[in-house]
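The values are calculated or read from the model by the stated rules, or taken from the named source; none is laboratory data. Given the structure is predicted, the values throughout are model-derived calculations rather than measurements. So basically every Cβ, Gly included, is an ideal-geometry build from the backbone, and we count neighbours across all protein chains shown. Heavy atoms of the whole protein, side chains included, go into the accessibility calculation; ligands, DNA and RNA do not. Shrake-Rupley method; radii C 1.70, N 1.55, O 1.52, S 1.80 Å.
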Amino acid sequence: MTESAAGPVVDAVVGVRAADWRGAVHAACAPLVSAGALEPRYPERCIAIAEEHGPYMVLAPGIALAHARPDDGVLRLCLSAAVLATPVEFGHDQNDPVDVVLAFGSPDDGAHLALLQNLAEHLLTGLADQLRLAPDRGTAVRALSAVG
Amino acid sequence: MSPAPSRPLTVLTVCGVGMGSSLILKMNAEKALKSLGVEAKVEHTDVSSARGMKADVAIAQGLHADDLASVAPVVLAISNFMDVDGLRRQLDEALRAQGWLS
């Protein structure tokens, strides 16, 4: 985990074995819950929103971004990634299966704007593959820290 | 280039939460519209709020497209948020079909 006074809490896990997409969302959020950046209910809210609206969090082939609202239990601006050992199906008609599950939380409606902008830029320039190729957690955290 | 009457195009990007996916879509739409030379005001929101809003163009994942039929005359369904060129092509085609881009 890396953290600075002003910056987001950033963490990652690699080689994750998730039974299904719900497990993958929990895995992505888990380090942020442990760090005290998200309340334990946050991943449940991400899952509930997807159950209500469909797999909104699947952004591109193989890549999902789990997120919910600030009032769903966000304590600190935060970003994490779970790289899955085995891809899972989210039920998306074009982008399944998914093996990189990102998660972020924002404590208000504006705190995450720069973070998301940087995340989008980094995803356009190969962040997901950097995470997939990361041999260990530290390498993945460093790759993700470049965003925050 | 802007829709008649001459004013910036209004574009709404929509996702289930209104925080993440729709924000990335907003940034991509702004890039794509800029490269098309289209003056536009792009806002992002969640699908529930979007139902009470109006825009020239609504952009969302396909799973929300049906919800947005009453929001905008042009609804674009996006499956890959990383494909800015694809979004640019979709916008180009849709705006030409409306006569908003020549």
- Query: From largest to smallest, what semi-axes in whole angstrom does the range A:9-145 give when each is the square root of 5 times an eigenvalue of its alpha carbon gyration tensor?
  - Reply: 19, 18, 14
- Item | Share of Cα-Cα pairs in the protein assembly as shown lying beyond 33 Å, as whole percent | 17 percent
- Message: Among A:G23, A:G110, A:G36, which one shows the highest mean-square fluctuation when chain A is modelled as a Gaussian network with alpha-carbon springs under 10 Å?
- Response: A:G110
- How much of B:I24 can a 1.4 Å solvent probe reach, expressed as accessible area in Å² and rounded to 10? 0 Å²
- Tilt, helix B:84-97 to longest principal axis of chain B (alpha-carbon atoms), in degrees rounded to tens, equals 60 degrees
- Note on the structure: Distance in nm between A:A19 and A:A48 label points, each 7 Å along Cα→Cβ, equals 2.1 nm
- D (Stokes-Einstein, µm²/s), Kirkwood Cα radius, the range B:9-97, 1.002 mPa s at 20 °C: 173 µm²/s
